[in-house]
Amino acid sequence: MQKAFLLLLLLFLSLCRLNAQIADFDHIDFKKADSIALSLKGESLTNLPELSFKLTNTLNTDAEKFRAIYKWVCDNIANDYNLYLQNDRQRQRFKDDSLKLDAWNTKFRTKLFSRLLKKKRTICTGYAYLVKTLADFANLECEIVQGFGRVSTTNIETLDLPNHSWNAVKLKSKWYLCDPTWASGIPNPKTNRFYFHYNDGFFLANPKLFAVNHFPVDERWWLLDDNEIPTFDTFLKAPVLYGNAYKNLELHNAPQQMHHIIKPHEKVVFKYQLKNNTKPKNVKLGFDNGFSTWKDQPTSISIKDKSLELEHQFNQTGFYDVHLYIDDDLISTYTVDVKK
C-alpha cells in the first residue's frame, strides 16, 4: 500500500513538472494585464506595495497578476550592463578570498538597490528581486533563482562563480521559469547602452529550452526529470542560444554541443521543435570562416508538424562559425572545424 502511494506521489510530481510553460495558459488572454502594465509606465518604486496593488487588483487569475508585474518590470527597469561588468570584475578579483568577496557583495548590494530605486537601473539580481517583491505583495509565490547564465559574450573559461539570477513562480500548483533580465532588452555590445525590447519568449519558458543557457545552483529549479538534468560540463559545451531562440523555438534538440570536428564532406545535423511553422526558404545558415561571411540554404531541410530538421555538408577544410537564422532572426551559434 505504501509503495503504491509513493508511486502515485512520484507520478503526481512528474506531472506537475510536465509542460510547465506558457502553453498551460493558452486559454488566458494577457492583453488586459499587459494594458495595465503599460498604463502604469513610469510609476516610481517608492511604494512597492501600492505599485503591486495597482498592477494586480483588477485581475482575476494569478497568472494574469504575475504577468502584469513581470511585464511592468521588463518595460520599466533598464539593464545596467556597466554595473554588471564592474561586479563581475570584482567578484573574479576576490573569488579566492572569501572575506573580501563577502565585503564586496555587501557593499555592492547597497549600491545595486540604491540605483534600482532611484534610477530604475539594475542587473539581474535587481530584476529578480523586484519581480519577487511585487509578487509577494500580491500574495503570489515567487522565488529568486541563482545560477549560471550563458550568452554569446560569456567567457566559459572563467565561469566558476554564479553570474545570473532569474525567477520561478508558482501558478495553479506548478512552478514556472522566467527571466526578466534577458526579456527586458539588449545592451549594445560596443557602447553598453541599453535598449528596451521586450522578448515574450522568456515568460513561463519551456524548462528544457531554458536549460540550454541557464544552470541553477539549486537543482530543484531545473523543473526537469532527474535524467534530463545536464552536468555543468554539458552546460558549458552547449551551443550559444540568443533571445530569438525563445521566440521561435519550443525545443533545441541537436546538436547538443557547440564545437564540432569533422572531415570534409561530412554532415552536421540540426534538430529543433518550432513554436510556429515556417517555410523552408525562411531557414538559413550563416557562415564565417575568418575571411568572409555569407548565408546559404542548408544541404537538406525538413519541416513537419513544427519539427525542423536540417543537415549541412561541409566540403572545404577550415574553421567555421555557423549561425542558424529563422525568418532573419538569429537563433543559435555553433563552430565546425573541418580537418583532413
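The values are calculated or read from the model by the stated rules, or taken from the named source; none is laboratory data. Just so you know, these numbers come straight off a predicted model, no measurement behind them. Glycine gets a Cβ as well: all are built from the backbone with ideal geometry, and neighbour counts include every protein chain shown. Calculation scope for accessible area: heavy atoms of the full protein, side chains included, ligands and nucleic acids excluded. Shrake-Rupley method; radii C 1.70, N 1.55, O 1.52, S 1.80 Å.
Tally the residues that are over 14 Å from Phe232 (Cβ atoms), modelled with pLDDT of 95 or more and open to solvent by less than 70 Å² (accessible area, probe 1.4 Å), restricting the search to segment 137-154.
6
Scan segment 155-183 for residues that are in a helix (DSSP H, G or I) and buried (at least 24 other Cβ atoms within 10 Å of the Cβ) and jot them down.
Matches in segment 155-183: Pro180, Thr181, Trp182, Ala183.
Counting only residues that are over 17 Å from the mean Cα position of the chain (by Cα) and open to solvent by 40 Å² or more (accessible area, probe 1.4 Å), which one in segment 235-259 is nearest to Gly201 (Cα to Cα)?
Only one residue tops the list, namely Gln257.
Being under 22 Å from Tyr320 (Cβ atoms), within 25 Å of the chain's Cα centre (by Cα) and open to solvent by less than 40 Å² (accessible area, probe 1.4 Å) is the filter here, so list the residues in segment 261-292 that pass it.
Those that are under 22 Å from Tyr320 (Cβ atoms), within 25 Å of the chain's Cα centre (by Cα) and open to solvent by less than 40 Å² (accessible area, probe 1.4 Å): Phe270, Tyr272, Val283, Leu285, Gly286, Phe287.
Scan segment 74-102 residue by residue and report those that are open to solvent by 60 Å² or more (accessible area, probe 1.4 Å) and in a helix (DSSP H, G or I).
Asn82, Arg89, Arg93, Ser98, Leu99, Lys100, Asp102
Does Lys71 qualify as being in contact (Cβ under 8 Å) with a residue 60 or more places away in the chain, open to solvent by less than 50 Å² (accessible area, probe 1.4 Å), farther than 21 Å from Asn213 by Cα and touching a strand residue (DSSP E or B) at 6+ places or on another chain (Cβ under 8 Å)?
No.
Out of everything in segment 196-253 that is among the acidic types (Asp, Glu), touching a helix residue (DSSP H, G or I) at 6+ places or on another chain (Cβ under 9 Å) and assigned to a helix (DSSP H, G or I), what residue ends up being farthest from Gly185 (Cα to Cα)?
Checked segment 196-253; the qualifying residue farthest from Gly185 (Cα to Cα) is Asp226.
Which residues, counting only those in segment 293-324, are closer than 16 Å to Ala254 by Cβ, open to solvent by 50 Å² or more (accessible area, probe 1.4 Å) and hydrophobic (A, V, I, L, M, F, W, C)?
Listed by number, the list holds a single entry, Ile301.
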